[in-house]
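The values are calculated or read from the model by the stated rules, or taken from the named source; none is laboratory data. Note that this is a predicted model, so its numbers are computed, not measured. Neighbour counts are summed over all protein chains in view; Cβ atoms, including those assigned to glycine, are modelled from backbone coordinates with ideal geometry.
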Amino acid sequence: MTSIDVHELTKEYGKTRAVDGLTFSVRPGRVTGFLGPNGAGKSTTMRLVLGLDRPTSGTATFDGRPYATLDDPLRQVGALLDAQAAHPSRTARNHLLALAVSNGMGARRVDEVLEEAGLGQVGRRRIKTFSLGMRQRLGIAAALLGDPEVVMLDEPSNGLDPEGIIWIRELMKRLAREGRTVLVSSHLMNETSSFADHLVVLGRGRLLADLPMQDFLDSRNRPRVRVRTTEPTRLRDVLIRKGYLPAHDGDGRWTVDGAKAGEIGAIAAAAGIAVLELMDEQTTLEQAYLDLTADAMDFSAAATSSTKRQRS
């Protein structure tokens with residue numbers, strides 16, 4: 001199967017360096033999440049990989065070959081970059097049929113991908129009548145048209161309803177199980193955590209992380225315990241004597257940084273304090289991502305108190 005290989009990729013627009021010496025690979029058999037703040041260079045990188053823009057220096061290839069030199073590109077690489085690119089006056093079926101015929105494919109494949117994308121009943125409607133979610137499904141259908149080895153999707157969940165989000169999530173995981181190479185750019189951290197096996201994270205055009213999902217979470221994880229008891233004041237005093245600094249969360253709950261649930265449970269048991277709830281808090285992808293990219297955001301709102309607490 002085909003991999004995507006990016007080596008020392010750089011793109012400058014005047015004095016602005018949108019992509020800065022990127023090197024990473026996207027391997028078959030897994031879904032790679034492509035993350036980064038607005039302006040980090042994700043979309044530019046995807047355009048460079050697909051030959052839609054020329055790099056200032058460096059290379060982006062599919063098993064050593066630039067996209068422009070692929071013999072049968074639609075069968076090798078399927079991509080969704082802009083769901084609004086389809087001509088609004090065409091029907092969905094005719095849009096896909098034009099792509100199919102120009103790439104040596106027949107109408108049967110068009111009908112197959114329309115069904116797969118959930119558009120079988122509306123294939124003869126004009127695209128201008130489609131909702132954002134329907135256009136998104138059509139863009140994904142176009143990416144799947146050639147049954148490609150590589151699939152690249154930019155914000156594929158955009159505009160989809162809950163059923164559509166579940167569909168695209170399962171589709172990406174199935175493609176990876178089949179041994180294909182799947183690269184997905186997204187701003188939705190909770191959604192990305194549900195399908196990505198590997199992460200590539202950019203910040204201001206530079207590579208910040210290239211790790212398996214679990215390794216990324218573990219690398220940003222800070223031990224923290226949540227505990228609830230009927231004797232919160234007594235538990236606090238015991239923990240302070242043991243060198244911990246519990247933070248009150250209300251309703252008899254405490255959060256204890258730098259601790260494991262087993263440690264806090266043992267301390268409470270030794271003091272004869274009944275524990276109603278005890279659990280290790282795991283770092284979420286959102287928390288880990290914000291922690292990593294905090295210094296690489298060109299645009300950010302003032303942090304709320306809860307966000308500040310998560311980053312502290």
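Criterion first (in contact with a strand residue (DSSP E or B) (Cβ under 6 Å, 6 or more places away or on another chain) and surrounded by 19 or more Cβ atoms within 10 Å (Cβ to Cβ)) does residue 176 satisfy it? So residue 176 fits the description; yes.
Here the condition is being hydroxyl-bearing (Ser, Thr, Tyr), out of contact with any Cys (no Cβ under 9 Å at 6 or more places or on another chain), in a loop (DSSP other than H, G, I, E, B) and within 20 Å of residue 181 (Cβ to Cβ); of 23, 45, 2, 59, it holds for 2 alone. Cβ-Cβ contacts under 6 Å between residues 6 or more apart (or on different chains), taken from a first residue in the range 31-57 that is in contact (Cβ under 8 Å) with a residue 40 or more places away in the chain to a second residue that is surrounded by fewer than 22 Cβ atoms within 10 Å (Cβ to Cβ) and among the β-branched types (Val, Ile, Thr), are listed as 37/293; 56/10; 57/10. Name the pairs whose Cβ atoms lie under 7 Å apart, with the first residue in the range 174-190 and more than 24 Å from residue 283 (Cβ to Cβ), the second at pLDDT below 95, and 6 or more positions between them or separate chains? From the range 174-190, the pairs are 179/1; 180/1; 181/1; 181/2.
When the range 224-236 is limited to residues that are closer than 19 Å to residue 283 by Cα and of a type in the set (D, E, K, R), the one that is surrounded by the most Cβ atoms within 10 Å (Cβ to Cβ) turns out to be 224. Would it be correct to say that residue 39 is assigned by TED's automatic domain parsing to the domain that holds residue 196, outside any strand (DSSP E or B) and in contact with a Phe, Trp or Tyr (Cβ under 6 Å, 6 or more places away or on another chain)? Taking the combined requirement at face value, the residue does not satisfy it. Restricting 239, 245, 217, 211 to residues that are assigned to a helix (DSSP H, G or I) and either without any contact (Cβ under 8 Å) to a residue 40 or more places away in the chain or more than 15 Å from residue 280 (Cα to Cα) (or both) narrows the list to 239.
Report yes if residue 198 is under 30 Å from residue 257 (Cβ atoms), crowded, with 18+ Cβ neighbours inside 10 Å and under 10 Å from the mean Cα position of the chain (by Cα), otherwise no.
Taking the combined requirement at face value, the residue satisfies it.
Residue 160 fulfils the conditions (1) in a loop (DSSP other than H, G, I, E, B); (2) buried (at least 17 other Cβ atoms within 10 Å of the Cβ); (3) modelled with pLDDT of 95 or more except for a single criterion, (3).
Taking the range 26-36 as the range and being at pLDDT 95 or above and part of a loop (DSSP other than H, G, I, E, B) as the test, the residues that pass are 27, 28, 29. Among residues of the range 105-157 being assigned to a helix (DSSP H, G or I) and free of Cβ contacts under 8 Å to residues at least 12 places away in the same chain, the one that is surrounded by the most Cβ atoms within 10 Å (Cβ to Cβ) is 112. Could you tell me whether the range 73-84 includes any residue that is among the basic types (Lys, Arg) and out of contact with any Gly (no Cβ under 6 Å at 6 or more places or on another chain)? Within the range 73-84, none of the residues are among the basic types (Lys, Arg) and out of contact with any Gly (no Cβ under 6 Å at 6 or more places or on another chain).
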